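Okay, structure first, notes after.
The values are calculated or read from the model by the stated rules, or taken from the named source; none is laboratory data. What you see is a predicted model, and the numbers here were worked out from it, not measured in a lab. So basically every Cβ, Gly included, is an ideal-geometry build from the backbone, and we count neighbours across all protein chains shown.
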Amino acid sequence: MAAALALIASAIFALSTVLQQRGGLNAPPLSFRHPGSFGRLAGQRIWLVGIVLLIPGWLLQAAALDRGRVAVIQPIFTMTVVFVLPLGYWLTAQRITWRQVVEACVVAAGLGVFIAFGDPGGGRSNAPNWEWVVAIAVIAGVCAALLPLGKKERPSLRAGAYGTVAGLLSGLAATVCKPVVELLHSGGLGGVLGNWQVYVLLIAGALGVVFQQIALQTARLAPAVATGAVANPLVSVLLGIVLLEERLAPPTWHKIVAFAALGVALAAAVAIALSEERQKHEQSRSDPSRLEPASTG
């Protein structure tokens, strides 16, 4: 049941992402220096539909995390990459190559093997506050290191950088969701609102959405989604193992296969993120004159 809920949620997230991108392309450029640009984005009806679709996706994700382990459920959301490519082709006229489709399938297959051979189990529903603080600080530091890449001129690199930041924050939010849901069962809504973790969940989730909008507005759907779809489960798996003490299957060779598959998935996602530059490089090698400015004589 948990896996099925996660799979449905990933399909909803994929549709939401494509609609957000379609609406965002008609909006003015987003910038933290001009907060009003985010307000103008809300005037795009298609974008609003995409945002509204996040709500059932989040609810299904929370239900899946309530029924399963973080390290098992979150990698399933990598299927967003598989769903988003055909949706982007149909709804936003994205140029999707067969190579990107194969790489997206490798991402999903790699994380699928990780789930099958890693088979995380055991664990706890929460961790000491100081462990959460350390984890949040580390993730914040990684995000801060990635943000300068988002200022580069290459659209695919910008999409990958912001997409990765969005994935890291979403992975943190998903992991914090586990203890928040458990607290909702035991203490009700009052207990949840009186706990600091729910505010980390809301802030990280909101920032993840904001950075995803910036990534999508680069018009590079594949790298924006692929990097986030791998960063999200990667962070969740690590936090699930380190903080929530979820353990991989005992045989050593199972762990080796699991982490190797995770590495293959990450490599395939990076390949998707660099696909636009790869295509331009191949084009320049075949016909350099097409990339050179015309002579004015």
*Pull up region 206-243, narrow it to residues that are part of a loop (DSSP other than H, G, I, E, B) and out of contact with any Ser or Thr (no Cβ under 8 Å at 6 or more places or on another chain), then point me to the one that is surrounded by the fewest Cβ atoms within 10 Å (Cβ to Cβ).*
A219
_What are the pairs with Cβ atoms under 8 angstrom where one residue, in region 88-108, is within 13 Å of V18 (Cα to Cα) and the other, located anywhere, is of a type in the set (S, T, N, Q) and in a helix (DSSP H, G or I)? Sequence gap at least six, or different chains._
G88/Q21; T92/Q21
_Among (1) farther than 16 Å from A71 by Cα; (2) buried (at least 17 other Cβ atoms within 10 Å of the Cβ); (3) not charged (D, E, K, R), the one test that G190 misses_ = (2)
*Determine if region 190-202 includes at least one residue that is among the small types (G, A, S), closer than 15 Å to A14 by Cα and either part of a helix (DSSP H, G or I) or in contact (Cβ under 8 Å) with a residue 40 or more places away in the chain (or both).*
no
*Check whether at least one residue in region 271-284 is small (G, A, S), assigned to a helix (DSSP H, G or I), over 21 Å from T164 (Cα atoms) and modelled with pLDDT under 80, and report yes or no.*
yes
*Quick one: count up the residues across region 229-265 that are of a type in the set (S, T, N, Q) and touching a residue at least 24 places away in the same chain (Cβ under 8 Å).*
2
*Taking E182 as the residue in question, decide whether it is among the acidic types (D, E), modelled with pLDDT of 80 or more and more than 20 Å from N232 (Cα to Cα).*
yes
*Report those helices (runs of 4 or more DSSP H) wholly inside region 56-133 carrying at least 3 residues which are modelled with pLDDT of 85 or more and surrounded by fewer than 22 Cβ atoms within 10 Å (Cβ to Cβ).*
98-118
